[in-house]
Amino acid sequence: MRRAALIALPFLLAPSALAQEAEQLTIERLYGSPDLSGPAPRALRFSPDGERITFLRAKEEDANVLDLWAIDVAGGEPYLLVDSDVLVPEEVELSEAERQRRERQRISASGIVEYDWDSSGEAILVPLGGDIFYVNVDSGEATRLTETETFETDARISPNGNFVSFIRDQNLYVIDLASGEERALTSEGGGVISWGMAEFVAQEEMDRDTGYWWSPDEAYIAAARVDETPVEIIPRLEIGAEGATVVEQRYPRAGDANALVTLHMIALEDGATTEVALGEDTDIYLARVNWTRDSAEALVQRQNRQQTVLDLIAADPATGATRILMTEIDDAWINLNNDLRPLEDGSFLWTSERTGFRHIYHFGHDGELITQVTSGDWVVDEISGVDLDAGTVWFEGWTEDPTQRHLYSVPLAGGEPTQITSGEGWWSATVNSGGTAFIGSYSDPVTPTQTALYDMPGERIRWLEENALVEGHPYFPYADDHVAPEFGTIEAEDGTDLHWMMYLPADFDPEETYPAIVYVYGGPHAQQVRRSWAGGTPQVFAQAGYVYFILDNRGSWNRGHAFETPLHRAMGQVEVRDQLAGLDYLQSLDFVDADRIGIWGWSYGGYMTLMTTLQAPGRFAAGAAGAPVTDWSLYDTHYTERYMGTPEDNPDGYEEGSAFAHVDNYETPLLIIHGMADDNVIFANTTRLIDALQSRSLQFELMTYPGQRHGIRTPERQTHRTQLILDYFDRMLAE
């Protein structure tokens, strides 16, 4: 149940925008083209030679199709580097494996959705239409490396630029770029066996989208072998417009068997394969794999099934022998991250929540702690860069206000961090290899994402995408009616501060009373209350005359581990109480009609909609639950057991955390929405709820989307869904 982060120089709405005749923002326009938020570049990267910056940008005529663009660091305007329509003129139907991979990565766009630089900065690898293209960045000439009926996925250029690797038919292949020779490194893949691929829970819950890793010297590839034989087959009915298909999905439900995952070293010279010794316990998770800078060892993160122990293991690629460098232990659970940074001298950086807040630690090659680099009651979100010679580390996070995110520097030897970025908003940053500049993207509640190149003191060198909200910007016609949210805090029952944000109706009059809608996610690893550009959805509700309220309850992300763990083994309890405290606050406001408050959310937010309305019957006037979990025993192992344990060792927690334990309290009218091909929160969650309500003769409303998975795709269907929700609340919250 991964959440995609919303990333977004304090630039207020242009004065000219305030004097214009505003247009009505419609739901159709919300999902139309060009994107309302303007041209926000994605997948920003410095070229290896530092001369270019590349990024993905949507076509102006279709916000869902991406092309590859570039801009020279020295100056000039952005230019189209690879046009997806030129390489593959006709849209190609995705393979099932690629469709699932993109669903796991929350990629809804098409065209060029990923790319990979070679080490020299002379070429870029572009997977498109199921094949692989090798593009010379100076000439623009594209060489087609594969042309098969089979879909090639997870394509990459090797570290020194001599090979291209990819997955085909669940096997790992390489192409020698000098000779053009294609070679299969594995042949066993097929059916329940795959090589070099991430299993379902790794993709969905562990933020690991690959199953193979090149050594820096190109001598070895560390590759995962996945055997899904133990995983229970869950027959899942995919209902589409043209009929229904039964999918025999191997879906590891909480408490059941996982896939068997082993790690192997494949020698490029002769293809010899050596298994890595990961220990006698096979019921583990292969969490991460990195390499030391000299290729002497692979650095493997092994997590126990309970996710309370994480070992960092050094593996010899020639023999597969291993040694434990260090171990993290937590009584609740350990959050995975991508912050392991091997350094040139053999030492490495690591982030840990061992103090209750994520901070940076510097360890020697033997796993002994050298120093704790950062400390305090604040959060390092991720390491952005490190310069060993200069003794400097850069990271993104917050030190004072969790609703903001900034780039900081700190001495590698430890000390107080220095904030580099400015403004009261949300930054993301990509630091170049020399630590002399960074690509910074910034947004705040009134500023769509703006991207520029900055020097390390934080001074802007040049715009990459100014995205100024002036005439010609897609959002300009609606800027006059733009509602900026207010921010504040309330106290939870234990005195913890809970952050909220609230959009007032566009025509707000403090002497009037208004209906309100609570938007909720509420689950771990997500933060909703942020000083970033939120797009048009809150604006649609504000324009419709609603107070739109969002609260981050305990259990949500970016407040430290202690803020998350109150939901340990007790989902659907403390989060509900915190959201009800938010409801109390809303009802105390003079301008809110206490009898006309609705609640809605998607995924965990759909679950929270059910749990709040069922545990507090009548407190809300209506609820809309999208793709809700209804019983955690139906959800997957890695996510559910991290927080809840197994149904066998925590039966009371699973019972109390199930919607069915509270369904007899049903009073608040409910709209249920679900994709009929959902392979994440499977449709059985909703069908069981439908049956429970019908068996009690309880009335509810239902909307299903044939062929749609966990996310509702296509602008037409997205328009339909949002209009459905707004119409529902218009009816249910009417005076």
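Filtered by the rule that a residue be over 25 Å from the mean Cα position of the chain (by Cα) and assigned to a loop (DSSP other than H, G, I, E, B), the range 144-173 gives LEU145, THR146, GLU147, THR148, GLU149, THR150, SER158, PRO159, ASN160, GLY161, ASN162, ASP169.
If the condition is being of a type in the set (S, T, N, Q) and part of a loop (DSSP other than H, G, I, E, B), then the range 329-376 contributes ASN335, ASN337, ASN338, SER347, THR355, THR374, SER375.
Looking only at residues that are in a strand (DSSP E or B), over 25 Å from the mean Cα position of the chain (by Cα) and of a type in the set (A, V, I, L, M, F, W, C) in the range 225-252, which one is surrounded by the fewest Cβ atoms within 10 Å (Cβ to Cβ)? That would be VAL246. The criterion of at least 3 residues that are polar (S, T, N, Q) and either modelled with pLDDT of 95 or more or in contact with a Phe, Trp or Tyr (Cβ under 6 Å, 6 or more places away or on another chain) (or both) is met, among strands (runs of 3 or more DSSP E) falling completely within the range 417-470, by 447-455. Across the range 237-255, the qualifying residues are those that are in contact with a helix residue (DSSP H, G or I) (Cβ under 8 Å, 6 or more places away or on another chain) and of a type in the set (D, E, K, R), and the one among them that is farthest from GLU205 (Cα to Cα) is ARG250.
Taking the criterion of being over 29 Å from the mean Cα position of the chain (by Cα) and either loosely packed, with under 15 Cβ neighbours inside 10 Å or among the small types (Gly, Ala, Ser) (or both), the residues of the range 282-338 that qualify are ASP294, SER295, ALA296, ALA315, ALA318, THR319, GLY320, ALA321, ARG323, ILE324.
Here is a yes/no grid of residues against (1) in contact with a Lys or Arg (Cβ under 7 Å, 6 or more places away or on another chain); (2) not hydroxyl-bearing (Ser, Thr, Tyr):
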residue	(1), (2)
ILE112	no, yes
PHE133	yes, yes
ASN136	no, yes
THR143	no, no
GLU147	no, yes
SER158	no, no
GLY161	no, yes
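Is it fair to say VAL386 is in contact with a Lys or Arg (Cβ under 6 Å, 6 or more places away or on another chain), part of a strand (DSSP E or B) and closer than 18 Å to GLY356 by Cα? No: the conditions fail for VAL386. Quick check: anything in the range 123-132 part of a strand (DSSP E or B), charged (D, E, K, R), surrounded by 16 or more Cβ atoms within 10 Å (Cβ to Cβ) and modelled with pLDDT of 95 or more? The answer is no; no qualifying residue exists. Which members of the range 253-280 meet the condition of being outside any loop (DSSP other than H, G, I, E, B) and not aliphatic (A, V, I, L, M)? Scanning the range 253-280 gives ARG253, THR262, HIS264, THR273, THR274, GLU275. Per this entry, GLU199 is counted among residues that are modelled with pLDDT of 95 or more, within 26 Å of the chain's Cα centre (by Cα), farther than 20 Å from LEU268 by Cα and surrounded by 19 or more Cβ atoms within 10 Å (Cβ to Cβ). Answer yes if at least one residue in the range 180-196 is buried (at least 21 other Cβ atoms within 10 Å of the Cβ), under 29 Å from the mean Cα position of the chain (by Cα), closer than 30 Å to GLN306 by Cβ and hydroxyl-bearing (Ser, Thr, Tyr), and no otherwise. Yes: one or more hits. Among all residues of the range 566-573, there is at least one that is surrounded by fewer than 22 Cβ atoms within 10 Å (Cβ to Cβ) and in contact with a Gly (Cβ under 6 Å, 6 or more places away or on another chain).
For the residues TYR514, TYR454, TYR503, the requirement of being buried (at least 18 other Cβ atoms within 10 Å of the Cβ), within 28 Å of the chain's Cα centre (by Cα), of a type in the set (Ser, Thr, Tyr) and over 30 Å from SER47 (Cβ atoms) singles out TYR503. A single member of THR668, THR640, THR646 is buried (at least 17 other Cβ atoms within 10 Å of the Cβ) and over 29 Å from PHE200 (Cα atoms), and it is THR668.
The values are calculated or read from the model by the stated rules, or taken from the named source; none is laboratory data. Just so it is clear, the structure is predicted and the values come from calculations on it, not from any experiment. Virtual Cβ from ideal backbone geometry, glycine too; neighbours counted across all protein chains shown.
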